[in-house]
């Protein structure tokens, strides 16, 4: 005899709650991520920032708009910085592919290329993955954006 598996509605609710928390807002996840950075709890910080991103993106999807059209200035800036923080933290835990992906998204969301630190960090991750050409391109962009002289000399030495 075969048994039919029936998932009760309360089990679905429990699964939803365990996945998305207890109604925390994106701002709360963002703030919790910052707190986790301050405690050097990088994995949980990444998790919090990723949850904030998902909430903001779901909010935009519900309205069938881009995230930038839905969020106020503070929320949009926080949304973009979630990608920056995730990129920086993933680099610290040696997830260089993830770091490159998040830092690239951060740079794209800015709509202007003026964050020298994002280029510097992305270049370091590219170097760690053996892409010296890509790393040099990012480091040269970072120096063009005003990276300090000490780093400029280092880049010139590495990227002849």
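The values are calculated or read from the model by the stated rules, or taken from the named source; none is laboratory data. No experiment lies behind these values; they were computed from the predicted model shown. Cβ placement follows ideal geometry from the backbone for every residue including glycine, while neighbour counts extend to all protein chains displayed.
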Quickly run through segment 138-160 and pick out the residues that are crowded, with 16+ Cβ neighbours inside 10 Å and part of a helix (DSSP H, G or I).
-> 138, 139, 140, 141, 142, 143, 152, 155
Of 76, 42, 83, 29, the only residue that is over 30 Å from residue 155 (Cβ atoms) and modelled with pLDDT of 95 or more is 29
Exclusive hit being assigned to a helix (DSSP H, G or I), within 25 Å of residue 33 (Cα to Cα) and modelled with pLDDT under 95, set 109, 89 = 109
In segment 50-63, is there at least one residue being in contact (Cβ under 8 Å) with a residue 12 or more places away in the chain and not in a helix (DSSP H, G or I)?
-> no
Check on residue 68, at pLDDT below 95, assigned to a helix (DSSP H, G or I) and either within 22 Å of the chain's Cα centre (by Cα) or surrounded by 11 or more Cβ atoms within 10 Å (Cβ to Cβ) (or both) | yes
